[in-house]
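Read-outs: derived from the displayed coordinates by stated rules, not from any lab. The structure displayed is predicted, hence computed values, not measured ones. No Cβ is skipped: glycine too gets one built from the backbone with ideal geometry, and neighbour counts run over all protein chains shown.
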Amino acid sequence: MCENTPAVMKRYELKYILSGEQTAYLKERLQGHMCVDSYGLTSIASLYYDTPDFRLVRASLEKPMFKEKLRLRSYGLAHEDSPVYLELKRKAYGIVYKRRVAGTVKDINSLIEGRGATGSKGQINSEIAAFINHYSALEPACLIIYDRTAYYEPDGDLRLTIDANPRCRWEDLNLTTSMDGTSLLPEGFTVLEIKVQQALPLWLSDILSKGSIYKSSFSKYGTAYIQRYLKAIAG
């Protein structure tokens, strides 16, 4: 999964919150239409960077027409020399644009601190460096973790992921300590993301409709921030 992910992506991303029953229903109905990728169930950790006053996540929660975020992702628990991926993700008028570079944790730290670059994708490095320069004082803010099953459409561009047990951590903000965190959803609920270049195929629209599965604006980092804020004001 991580090795074959393009460095540059442009697509629509649709999100849904599923109950345990809806998740089971969807997985059954996908058979014959889509295939689980060769990595199967994969635990993913995404370390989000933000300013000390959480400027990026607060702006995102206002649902603007344009928003952007920077995160460092690992597939499974990372080590100092294992591959990780720094992703600059922007959303404009419903279309998601993603740039990413690969490197080690040490490489990425050097890039964020303005002391180096990673790989040979100079243009992507430049875009990320410009983002870091624009939002000065970026620092690790929140760790989001989930257990993902990814599906693909043979001979098509449709991709679909189901994220189980989404959780967050506000301490030990690194990819090397553990995959533990505080749950963001009730037990058994999952996050469905559909990634497509054009419109949804009719067969998938029909499955979603019959399963009463409707779009949501759910954001893992945004939800974690809201939960933390509400806990703080509640004392």
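What to note about this one:
- Inter-label distance, nm, simple model (7 Å from Cα along the C-beta direction), Glu113/Gln197: 4.1
- Overall, the ratio between the Cα radius of gyration of the chain and 2.2 N^0.38 Å, rounded to two decimals, is 1.01.
- Projecting the Cα atoms of Leu111, Gly94, Asn174 onto the dipole axis of the stretch 8-234, where Lys and Arg carry +1 and Asp and Glu carry -1 at the beta carbon, places Gly94 farthest toward the positive end.
- Computed lengthening from Thr51 to Lys63, 0.36 nm per intervening residue step minus Cα-Cα distance: 2.5 nm
- Theoretical FRET efficiency, 1/(1+(r/R0)^6), r = Cβ-Cβ of Glu153 and Gln123, R0 22 Å, to 0.05: 0.15
- Taking His33, His79, His134 and counting other C-beta atoms within 10 Å, the order from fewest to most: His134, His79, His33
- For the stretch 63-69, the Karplus equation 6.51 cos²θ - 1.76 cosθ + 1.60, evaluated at θ = phi - 60°, returns couplings of 6, x, 5, 10, 8, 8, 8 Hz by residue, with Gly and Pro reported as x.
- ³J(HN,Hα), Karplus 6.51/-1.76/1.60, whole Hz, each residue of the stretch 225-235, x for Gly, Pro: 5, 4, 4, 5, 5, 5, 5, 5, 6, 7, x
- Between Lys27, Lys67, Lys195, the residue with the greatest mean-square fluctuation in the GNM of the chain (Cα pairs under 10 Å linked by springs) is Lys27.
- Rounded to the nearest 20, the size of the Cβ-charge dipole of the stretch 105-230 about its Cα centre is 160 debye, with Lys and Arg at +1 and Asp and Glu at -1.
- Cβ-based exposure ranking for Asp107, Asp206, Asp37, Asp50, in which fewest neighbours within 10 Å come first: Asp206, Asp37, Asp107, Asp50
- Cβ-based exposure ranking for Ser219, Ser178, in which fewest neighbours within 10 Å come first: Ser178, Ser219
- For the stretch 37-138, the number of Lys pairs with C-alpha atoms closer than 16 Å, counting only pairs eight or more positions apart or on separate chains, is 10.
- Annotation for Ser216 and Ala137: the two label points, set 7 Å from Cα along the Cα-Cβ direction, are 3.4 nm apart.
- Take the Cα of Leu41, step 7 Å toward its Cβ, do the same at Glu80, and the gap between the two points is 3.3 nm.
- Two-site FRET efficiency, Ser205 against Ser183, from Cβ-Cβ distance with R₀ of 35 Å, rounded to 0.05: 0.70
- Computed [θ] at 222 nm, deg cm²/dmol, the chain (DSSP H ≥ 4; -39,500 (n - 2.57); rounded to nearest 500): -8000 deg cm²/dmol
- Each residue of the stretch 173-181 was assigned a 3J(HN,Hα) from its phi angle through the Karplus curve 6.51 cos²θ - 1.76 cosθ + 1.60 (θ = phi - 60°); the sequence is 7, 8, 9, 10, 7, 6, 10, 8, x Hz, with glycine and proline shown as x.
- Pairwise FRET efficiency - Tyr12 versus Asn174, Cβ, R0 = 30 Å, nearest 0.05: 0.40
- Under DSSP loop assignment and at most 13 Cβ neighbours within 10 Å, longest GluC sites (Glu not before Pro)-free interval of the chain: 4-61
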